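For reference, the structure is listed below as structure tokens.
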């Protein structure tokens, strides 16, 4: 049997034990020697199999503990609900969604005025040299970094509002835009996956081989003018994006 088939079979059996719950978060996998014996394969085959599970984000390998199952508790995101009023209207969408799962949200915020890069400027339809306010947020769930969210707004639109000032906006920037007379009535989402940059890996404390999902949302007001571009970087092992579509 081909070596590639052997390591894939070993990986498949280990994957099955993880997904079935036989091995849970924090549990240690058998040692390389034990796997070699139980599967009658070489050490290299075992290492290839374990490497595949590492790349899938299912396990981590450490010098002292060996190979252990990673905790996988993805945050469920409903993008279509962001602009709907929630029962707790005083909380912004992320904090409300996390608290609904019985988990603790927190975030670090940096606010600055920038010349946005071309991709952002074009999405905001800003004239040349027009400035934008960006609110950069590193978001945490239960004290662990979960994602980043950089929201850009035309400076001319939000210069005198809370959006342009440092600090948290408890009720959320979407509500502030509404108060300024620019409620978002339409959004356009672009979503794609890629491997993280080195700075993203460090900032989000990503395990080796973990891909990220880039989620860009452009919000438009009643005059169909873009008033916000939000760029989120979501570790793929920590998020589940769910869209609900209804036929009319």
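The values are calculated or read from the model by the stated rules, or taken from the named source; none is laboratory data. Only a predicted model underlies this, so the values are computations on that prediction, with no experimental measurement involved. Note: ideal-geometry Cβ built from the backbone for every residue, glycine included; neighbour counts use all protein chains shown.
Annotation: residue 149 fulfils all but one of (1) more than 30 Å from residue 50 (Cα to Cα); (2) at pLDDT 95 or above; (3) surrounded by fewer than 19 Cβ atoms within 10 Å (Cβ to Cβ); the unmet one is (3).
If you go through the stretch 15-29 and pick out every residue that is within 27 Å of the chain's Cα centre (by Cα) and touching a residue at least 40 places away in the same chain (Cβ under 8 Å), you end up with 8.
Selection over the stretch 193-238 of residues that are closer than 22 Å to residue 93 by Cα and in a strand (DSSP E or B) gives a count of 19. Criterion first (modelled with pLDDT of 90 or more and either closer than 30 Å to residue 244 by Cα or not in a helix (DSSP H, G or I) (or both)) does residue 10 satisfy it? When the stated conditions are applied, residue 10 does not pass them.
The listed residues are 226, 235, and the only one of them that is buried (at least 17 other Cβ atoms within 10 Å of the Cβ), more than 23 Å from residue 107 (Cβ to Cβ) and touching a residue at least 40 places away in the same chain (Cβ under 8 Å) turns out to be 226.
Annotation note: of 204, 177, the sole residue that is more than 30 Å from residue 59 (Cα to Cα), in contact with a strand residue (DSSP E or B) (Cβ under 8 Å, 6 or more places away or on another chain) and buried (at least 16 other Cβ atoms within 10 Å of the Cβ) is 177.
Of the residues 72, 84, 61, the single one that is modelled with pLDDT under 85 and part of a strand (DSSP E or B) is 61.
Residue-level check: of (1) surrounded by 16 or more Cβ atoms within 10 Å (Cβ to Cβ); (2) in contact (Cβ under 8 Å) with a residue 40 or more places away in the chain; (3) not in a strand (DSSP E or B); (4) not assigned by TED's automatic domain parsing to the domain that holds residue 206, residue 51 misses just (2). Take residue 134 and decide whether it is at pLDDT 80 or above, outside the structural domain of residue 24 (by TED's automatic domain parsing) and under 22 Å from the mean Cα position of the chain (by Cα). When the stated conditions are applied, residue 134 passes them. Which residues, counting only those in the stretch 214-223, are surrounded by 19 or more Cβ atoms within 10 Å (Cβ to Cβ) and within 16 Å of the chain's Cα centre (by Cα)? Within the stretch 214-223, 215, 217 meet the criteria. Looking only at the stretch 97-113, which residues are touching a strand residue (DSSP E or B) at 6+ places or on another chain (Cβ under 8 Å) and free of Cβ contacts under 8 Å to residues at least 24 places away in the same chain? Matches in the stretch 97-113: 97, 99.
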